[in-house]
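Here the structure is laid out as structure tokens; the discussion comes afterwards.
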Amino acid sequence: MNYLVTGGSGFIGSHLVEQLLKKGHSVINIDNFDDFYNYQIKIKNTLASIDKNSAFEFRDKETDIKNLVSISKSENYTLYYQDIRDKKGLEDIFKNHQIDLIIHLAALAGVRPSIERPLEYEEVNVRGTMNLWELCNDFTIKKFVCASSSSVYGNNEKVPFAETDNVDNPISPYAATKKCGEILGHVYHQLYNLDMIQLRFFTVYGPRQRPDLAIHKFTRLISENQEIPFYGDGTTARDYTYVDDIIDGITKSIHYLENNSDIYEIINLGESQVIDLNEMVSTIEKALGKSAIRKNLPMQPGDVQKTNADITKAKTLIGYKPDTNFQNGIKKFVEWFLRK
Ligand SMILES: NC(=O)c1ccc[n+]([C@@H]2O[C@H](COP(=O)([O-])OP(=O)(O)OC[C@H]3O[C@@H](n4cnc5c(N)ncnc54)[C@H](O)[C@@H]3O)[C@@H](O)[C@H]2O)c1
């Protein structure tokens, strides 16, 4: 099959590309290597995803990405250095390929920066996503997997969070753009028969995790004997999901879409194991064999108190089977971190 992956040089995207290529599929990756974090990390992600781990000589961003585009090209893989906000640029790509299904992961992620740059989040996460759906119409592409987020639940009081819960109360611009994507996605499904699964990922971690996310940031700071910013009293809690389990959920969603029609589903992908901040830090300390120096700070605006996924629907509908508990996942993450 020919899959178009957006954001295929990011954390989750690069794992997905790697998995799809291993299974013998063709992949087109659209990524603009945005400056949310260092582009060199995304170059390394891309090289790892296509199994080209040879030394890469870094010069400057434009030259490096141009080189990457040319060395990565193969019969089964094409990388486009392209912004999803540019519909004309996307259209030229769609003209060149027969696309069976799109997995849309490109986004401005991150809750806190969305409070600083809400308009940019809206442009990328809403307008950019709509550009893809418009092109699905123009090029008769009928299958679409879209990354949503557990952040749409806001400070939901009821746990675990189920897809049927009311999500009208997001508490960050990022969460609102993801909710907006779910609503507009339904419109494209209803009006144009676009089969779609919206996946609400619950805090994803593992090798290549974004450096801005707490597990990666804390691991780096603890290993460098620096203070970690410890927000709140340590009772905030997350349902952390190991990246291999997320990839399992995405590939099973693809399979479900390919074998069914008239689909619009929203599905939680979590681990269903809730870990509070104190336990998260102590698990990293144990894996690193080092103690953290905590700098206590107040809770951050936009941060939710707790996330906890009800994954009954994912299990019954698509056969999702997460199997990495937090302790094992952190061990694997720390091994990767110390090796890189
Ligand atoms: N990592 C998590 O814990 C988590 C949780 C919930 C939802 N998500 C969602 O999953 C998806 C992937 O997240 P990730 O953690 O891999 O993030 P990431 O930042 O590592 O990956 C996103 C990729 O999209 C690309 N991108 C950003 N803006 C773009 C644009 N305008 N045009 C083209 N490409 C663009 C970036 O360069 C990056 O490579 C995102 O949609 C995110 O919102 C992630």
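Where a number appears in this text, it was derived from the coordinates with a stated rule and is not lab data. What you see is a predicted model; the values in this text were computed from it and never measured. Cβ coordinates were reconstructed from backbone atoms using ideal geometry, including for glycine residues, and neighbour counts include every protein chain displayed.
Below is a table of values for the structure above.
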item: Count of segment 133-152 residues which are part of a helix (DSSP H, G or I) and within 10 Å of the ligand (Cβ to nearest atom); result: 3
item: Tabulated pairs, segment 41-54, first in contact (Cβ under 8 Å) with a residue 12 or more places away in the chain, second near the ligand (Cβ under 9 Å from one of its atoms) and in a helix (DSSP H, G or I), C-beta under 6 angstrom, 6+ apart or interchain; result: ASN45/SER14; SER49/SER14
item: Condition met for TYR3 (assigned to a strand (DSSP E or B), surrounded by fewer than 22 Cβ atoms within 10 Å (Cβ to Cβ) and of a type outside the set (S, T, N, Q)); result: no
item: Residue list for segment 206-231, restricted to those being within 23 Å of the chain's Cα centre (by Cα), more than 10 Å from the ligand (Cβ to nearest atom) and part of a loop (DSSP other than H, G, I, E, B); result: PRO207
item: Hits in segment 20-47 (condition: in a helix (DSSP H, G or I) and crowded, with 17+ Cβ neighbours inside 10 Å); result: LEU20, LEU21, TYR39, ILE41, LYS42, ILE43, LYS44, ASN45, THR46, LEU47
item: Hits in segment 132-167 (condition: buried (at least 20 other Cβ atoms within 10 Å of the Cβ) and among the aromatic types (Phe, Trp, Tyr)); result: TRP133, PHE144, TYR153, PHE161
item: Extreme residue, farthest from the ligand (Cβ to nearest atom), among residues of segment 1-22 that are of a type outside the set (A, V, I, L, M, F, W, C) and without any contact (Cβ under 8 Å) to a residue 60 or more places away in the chain; result: LYS22
item: Selection count, segment 46-60, where residues are touching an Asp or Glu at 6+ places or on another chain (Cβ under 9 Å) and under 17 Å from GLY10 (Cβ atoms); result: 4
item: Segment 168-205, residues that are more than 14 Å from the ligand (Cβ to nearest atom), surrounded by fewer than 24 Cβ atoms within 10 Å (Cβ to Cβ), of a type outside the set (Asp, Glu) and touching a residue at least 12 places away in the same chain (Cβ under 8 Å); result: ASN169, ILE171, LEU184, HIS186, TYR188, HIS189, GLN190, TYR192, ASN193, LEU194
item: Segment 105-117 residues that are among the small types (Gly, Ala, Ser), paired with ones that are assigned to a helix (DSSP H, G or I) (beta carbon under 7 Å, 6 or more apart); result: ALA106/GLY128; ALA107/VAL124; ALA107/ASN125; GLY110/TYR174; SER114/TYR121; SER114/PRO173; SER114/TYR174
item: Segment 272-312: number of residues that are closer than 30 Å to TYR188 by Cβ and either assigned to a helix (DSSP H, G or I) or in contact with a helix residue (DSSP H, G or I) (Cβ under 8 Å, 6 or more places away or on another chain) (or both); result: 5
